[in-house]
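Visitor: I have a structure I would like to understand better, so I am pasting it below and will then ask my questions one at a time.
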Amino acid sequence: MKINTIAKKGIVLMVLFAIISCGGSKSSDNKSNEQEKKEVKASQEEMSSKKEVKSYEEELKERMDPIEAKLNKTIESGENMLSASFELSEKWKEEYEKTYNLVLSKISDSEKPKFEAEEQEWFKNEEEKIKKELLSTDGMEEGARDYEMLFASGKADLAKKRAMELAKKYDELNK
């Protein structure tokens, strides 16, 4: 059976039309898919950057929690309680000093002397409170092992408390 020329041309045109139609939609589908991929990627980058941006206070807590847990476990075990108490106190003191210096770097030169004096006064008063409390406890004497361990633990708590307060202040200064 012979197909006439007009029919052949019609079939060729329909095939071309079908190819162009499919090809065109693939092209627009590809463009929309690419656009969607870009939007998803941008959204993921935004979310990951939000996750990465932590406050200094959060970073400090995350950094110190495992150290504190390990040393508290040692203290609670009853072995090396005194050295673990001193080590915990020193770790928090180091973090306090780092945070103190960060805050100091953010405040004006005119505010620095006042800030430094407030910090010294705060620690002096808080340490006196600890000493009074320990000495008022039956059987506690300055220099005794239990006294020293509890005093070191109290100093660790002070350094932790103040470091966290200063970390929060530092975050506020960075806003």
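Visitor: Please identify the GluC sites (Glu not before Pro) of region 97-175 that satisfy two criteria: DSSP loop assignment and at most 16 other Cβ atoms within 10 Å. Which are they? Provide the component values of the computation, followed by the final result.
Guide: Values: sites: E97, E111, E116, E118, E119, E121, E126, E127, E128, E133, E141, E142, E148, E165, E172; in loops: E111, E141, E142.
Filter output for region 97-175: E111, E141, E142.
Visitor: Could you rank R63, R145 by how accessible they are, 1.4 Å probe, largest area first? Present the calculation step by step, with values, prior to reporting the outcome.
Guide: Values: R63 85, R145 145 Å².
The ranking, largest first, comes out as R145, R63.
Visitor: Also: For N101 and I67 in one chain, what is 0.36 nm times their gap in residues minus the Cα-Cα distance, to one decimal in nm? Each step should come with its number before you reach the end.
Guide: Working: separation 34, 0.36 × 34 = 12.24 nm, distance 2.16 nm.
Contour length minus the Cα-Cα distance gives 10.1 nm.
Visitor: So how much accessible area does F86 have, in Å² to the nearest 10, using a 1.4 Å probe?
Guide: 90
Visitor: Then there is this: If each residue of separation counts as 0.36 nm, what is the full-extension length gain between K129 and E76 once their alpha-carbon separation is subtracted?
Guide: Working: separation 53, 0.36 × 53 = 19.08 nm, distance 2.39 nm.
The K129-E76 span can extend by a further 16.7 nm.
Visitor: Which pairs break 30 Å Cα to Cα here: K73/K106; K54/K93; K91/K175; K93/K132? If you can, show how the numbers build up before the last one.
Guide: Working: K73/K106 36 Å; K54/K93 22 Å; K91/K175 27 Å; K93/K132 21 Å.
Pairs exceeding the cut-off: K73/K106.
Visitor: Ranked by accessible surface with a 1.4 Å probe, highest first, in what order do M149, M81 come? Could you put the intermediate results ahead of the total?
Guide: Working: M149 30, M81 50 Å².
Order by accessible area, largest first: M81, M149.
Visitor: How large is the translational diffusion coefficient of region 87-151 in µm² per second when you combine the Kirkwood radius over alpha carbon pairs with Stokes-Einstein at 20 °C and 1.002 mPa s?
Guide: Details: Rh = 13.9 Å.
Translational diffusion coefficient: 154 µm²/s.
Visitor: Follow-up question, since we're still on this one. Calculate, for K114 and E59, the FRET efficiency according to 1/(1 + (r/R0)^6) with r their C-beta to C-beta distance and R0 22 Å; round to the nearest 0.05.
Guide: Numbers: r = 27 Å, r/R0 = 1.22.
The formula returns an efficiency of 0.25 here.
Visitor: To continue, here is another question. Students often forget the sequence filter, so: which aspartates and glutamates lie under 15 Å Cα-Cα from K169 once same-chain residues fewer than 8 apart are removed?
Guide: E57, E58, E59, E95, E97, E111, E116, E118, E119
Visitor: Taking R0 as 25 Å, what FRET efficiency do you get between E165 and T137 from their Cβ-Cβ distance, rounded to the nearest 0.05?
Guide: Values: r = 27 Å, r/R0 = 1.08.
Efficiency computed from Cβ-Cβ geometry: 0.40.
The values are calculated or read from the model by the stated rules, or taken from the named source; none is laboratory data. Since the model is a prediction, treat every value here as computed from it, not as a measurement. Note that each Cβ is placed from the backbone with ideal geometry, even for glycine, and that neighbours are counted across all protein chains shown. We work out accessible area using only protein heavy atoms, side chains counted, and drop any ligands, DNA or RNA first. Shrake-Rupley method; radii C 1.70, N 1.55, O 1.52, S 1.80 Å.
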